Structure formats: C-alpha cells, structure tokens
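A short write-up of the structure that comes next.
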Amino acid sequence: MKLKAVTGLIAAGIALGGAAFAEVAPGDVVWVDEVTIPDSLTGMPGTATAGVDVVSNRSQGNCVACHEFTALPDVQFQGNVGPSLDGVGSRWTEAELRGILVDAKHMFPETRMPSFYRVDGYTRPGDAYTGRAANPETFGPLLSAQQIEDTIAYLMTLTE
Amino acid sequence: MQHLKPARTLALASACVAALWTGAAFADPDLSAELVIDGELHITTRAPSDDITPNLPERYSGWLFRSAETRDLQADDFENPAMLAVEDGADLWETADGSNGQSCMDCHGDAAESMAGVRARMPHVNDAGVLWSMEDYVNNCRTERMGAEAWRWSGDEMTSMTSFISMQSRGMPVAVQIDGPAEPYWEQGRDMYYTRYGQLELSCASCHEESWGLNIRADHLSQGQISGFPTYRLKNAGIVSMHNRFRGCIRDTRAETFAEGSDEFRALELYVASRGMGLAIEGVSVRP
C-alpha cells in the first residue's frame, strides 16, 4: 500500500510540474536530531508567493484556520487555535520549519497541528471531506513536496 | 486579529443569515448572557464541572458561544424557527399510523406528563440491556406496537418528533445514567471522544475540550455540548440531530465517519451527554 501511494505521488509530481528531481516521498524524509529536516523535499528552494496561497486557501494548507498572519490582512477569518505566525521566520530555522510542516508531532508531541507530509499511522483516514474511507491506492499527504517548500519560503519572509 | 475587524464588519452587513453565522466568530463565551425564554423560563446554561469533566473549569452550553442575534432567536418561541418542527411533532403525536390504527397519544396520553424528563435521561439502556437513543425508542413503538414503518434517523418526521418530545423536558437538568449496565457504553464513548480520527488527527477533545473559546477559521468553538439538541441550524435551514452533528464533526477531520444510529454514535452520545450533566435541556435550540 505504502509503495503504491508513493508511486502515485511521484506521478502526481511529474504531472504537475514535470519535475526533473525525484521528490523525497513522505516515507523517505530524512530527519536529523528528531525534529529537523535540512534537505529540501524538491531539491530546490520554494517560491514565497506560492506559499501565500498554500497558507490561506481552504483547499490547500488552510493554515489560517488555526494561525494568524498580520501580513495577510485580506485573508478573512483567521483562527487562533495555534500561535500567531508573525515573526516565525526569526524564531525557527528553515530545517526546523520543514520538520514542523512535515510532521509537527516531532517538535510538539501532543499538538493539534496536523501532519502535512505523512501518509501512514492514521485512524479511519477518509477520502478528503466526503466522510467515506480513503482509498489506500490513491491516499496522499495533505500537501505536496512543492507546496511544503513554497510554504517554508513564505514563512522565512516573516521576520517580524 | 484586531486589524481584521473592519473587514469583518463589512462582510457582516450583507445577508442576514450570513451575519448570524459569521457573527459568531468573535470571542470567548459571553458569561453575562442569560437564557430566559419568553421572559419567563430560565434555562441553566452553566453548570459546575466534576469528575466526568476534570479538564473543563465549568460546563457551558453552546448557546453562550453564539452571537447575540442567534441567542435572541432562541429566547423567543415565536422567533425560534425550530418551533415549526415542534408543532409538526405535536401533530404527529396525535396522528394514527400503521396497521393497528393507533397514535402515540393512544398509549402515552398527554406528552406534557408522560414524556416529561425523558429527554434528560437519554440515551439509556433498555430492558434488554442495550443502549438506545430516543430515536430507537420512537421507532420501536412504531414497528412493534403500531405496525408502522420505522422513520429515518434524521428524516423530517423523526426530527419533528424528537423536537416535540425534547420540549417536554425543557429546563430540566441532564441526568443520564452512566454506571451499572450503562458503564461499558459510557467507556466506549469516552474512548471515542479522545480518539484522534482522520488525516487531521483531531479528537472531539482537540476541538471541544482543548480549544473551546478559540476560533478555527470562521467557527467559534464551543464545548460541543448536546443539551441543546435537536438544533435548528441556520446554515442548513433545518433541524439537525445529535448523530448528524457527530457525523459532520468526524468528517471534518478528513476521516471515514460513522453512520447515524450506529452503535458507536449511541455510545458517544451517552458520553457527550454526561459531559453536560447539570446543564438544562434546551428543548430545541438555534445555532449558526
């Protein structure tokens, strides 16, 4: 099951951007010191402007469901289940932010923050928001490797 | 969040229902608010915490978390849109149905007497030792005593009937049995409450015990109490059953949810009901 999900992901990556670099699949992410991931998941730096879409769109990361961003005053209804992300680029290194995004439970064990680049270990995983069971053949992580890198690029610009 | 307020106010000015819905997303529960129906009937919306809810400082009805506009709708039976369902339920109570040609009233008489307190004790274990919700008791009467067909769990007839029956307990404190034969069900429900379901790995507790009073996007999180059910949801423009609400909340964790009327949801209902012990049954409530 895991292998198939990984194959699907790589296929998706190719379809999306024709990526030449083989993305790091969720199961192959290399952790250093338990909480950091130094290497880019795409082999390249992300694009901060694309990261803005990931954090604010309901259909992507929807980080604003739980976090406030003063830098995005046009995004309505920002939640506060998690801390404000103002200044987050000065509080954490890029490798730490990658770890928090991929699987925040490494840094904050009991956190309510979802794991955005993990595909196993879930209880009754669903097919998105349909309420139906997920199809193990097509089940993928919440965000793509590219979306993770774009988000990190954006978060690194939030220095105050 | 302060900077967002002007933008919000603008958005609120548009549609009335939208205003009621989004208006909920402001702040903490309003503990100065008191629910008094038609200026007469006081409804207890706060109750002390105890061993069942060690992680809550106090029990709060979801009513306290809603905007003043939504709260007002529930304080006035004439304005409360759920009252239409209560009226339909009252009619159904007196309407003969099924091969025996009987109505609920033929066996139970005046609901104001025979059904008083019933809602406050639901769900409870039946004579055969099985945990039943109000819907199960209703359908059992229909199929076994009236020779009528069972109603769908969240169909209009059922939600009208449960609304009508709940009204007969309005103002009475939640008092479910959780020991004796109910205990294994209660424990199953408690385990479910703390299980992190779905790809978002959020449990009921993640949102309603650890995060009540906070906003998740536009939604102002309450303690997820069920003392107000059945609920008229403005968003759905209709009555919502408890199991329907559970199904939606689990679905929103990107999980495979459970079915309304499933054994799992009966157990969860008992546990969640016990978290509201001491809060008053609201009869029917109004929520965004």
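The values are calculated or read from the model by the stated rules, or taken from the named source; none is laboratory data. Everything quoted here is computed from the prediction, not taken from an experiment. Here the Cβ positions follow ideal geometry from the backbone for every residue, glycine too, while neighbour counts run over all protein chains shown.
Overview of results
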item: One residue from B:211, B:227, B:222 being within 11 Å of chain A (Cβ to nearest Cβ) and either closer than 20 Å to residue B:65 by Cβ or not in a helix (DSSP H, G or I) (or both); result: B:211
item: Selection from the stretch A:19-39 of residues that are more than 14 Å from chain B (Cβ to nearest Cβ), surrounded by 19 or more Cβ atoms within 10 Å (Cβ to Cβ) and under 13 Å from residue A:117 (Cα atoms); result: A:23, A:24, A:25, A:37
item: All positions within the stretch B:113-146 that are surrounded by fewer than 15 Cβ atoms within 10 Å (Cβ to Cβ) and among the basic types (Lys, Arg); result: B:145
item: Of all residues making up the stretch A:109-139, the number that are polar (S, T, N, Q) and surrounded by 14 or more Cβ atoms within 10 Å (Cβ to Cβ); result: 3
item: Test for residue B:245: is it under 26 Å from residue B:36 (Cβ atoms), assigned to a helix (DSSP H, G or I) and among the charged types (D, E, K, R); result: yes
item: Segments classed as helices (runs of 4 or more DSSP H), wholly inside the stretch A:23-116, with at least 2 members that are more than 15 Å from residue A:148 (Cβ to Cβ); result: A:48-56, A:88-91
item: Answer residue from the stretch A:62-102, given it is within 12 Å of another protein chain (Cβ to nearest Cβ) and in contact (Cβ under 8 Å) with a residue 60 or more places away in the chain and is farthest from residue A:36 (Cα to Cα) among those; result: A:71
item: Sole exception among (1) away from every other protein chain (no Cβ under 14 Å); (2) not in a strand (DSSP E or B) for residue B:253, by number; result: (1)
item: Among (1) in contact with a Ser or Thr (Cβ under 8 Å, 6 or more places away or on another chain); (2) surrounded by fewer than 19 Cβ atoms within 10 Å (Cβ to Cβ); (3) of a type in the set (A, V, I, L, M), the one test that residue A:142 misses; result: (2)
item: Single condition residue B:233 does not satisfy, out of (1) buried (at least 20 other Cβ atoms within 10 Å of the Cβ); (2) charged (D, E, K, R); (3) farther than 26 Å from residue B:150 by Cα; result: (3)
item: Candidates A:87, A:82 - the one that is within 15 Å of residue A:154 (Cβ to Cβ) and modelled with pLDDT of 95 or more; result: A:87
item: Verdict on residue B:195 being touching a strand residue (DSSP E or B) at 6+ places or on another chain (Cβ under 7 Å) and free of Cβ contacts under 8 Å to residues at least 12 places away in the same chain; result: yes
item: Candidate set from the stretch B:94-112 (those that are in contact (Cβ under 8 Å) with a residue 24 or more places away in the chain, part of a helix (DSSP H, G or I) and over 21 Å from the mean Cα position of the chain (by Cα)); member that is surrounded by the most Cβ atoms within 10 Å (Cβ to Cβ); result: B:104
item: Qualifying residue in the stretch B:166-177 (condition: without any contact (Cβ under 8 Å) to a residue 60 or more places away in the chain, surrounded by fewer than 18 Cβ atoms within 10 Å (Cβ to Cβ) and either small (Gly, Ala, Ser) or touching a Ser or Thr at 6+ places or on another chain (Cβ under 6 Å) (or both)); result: no
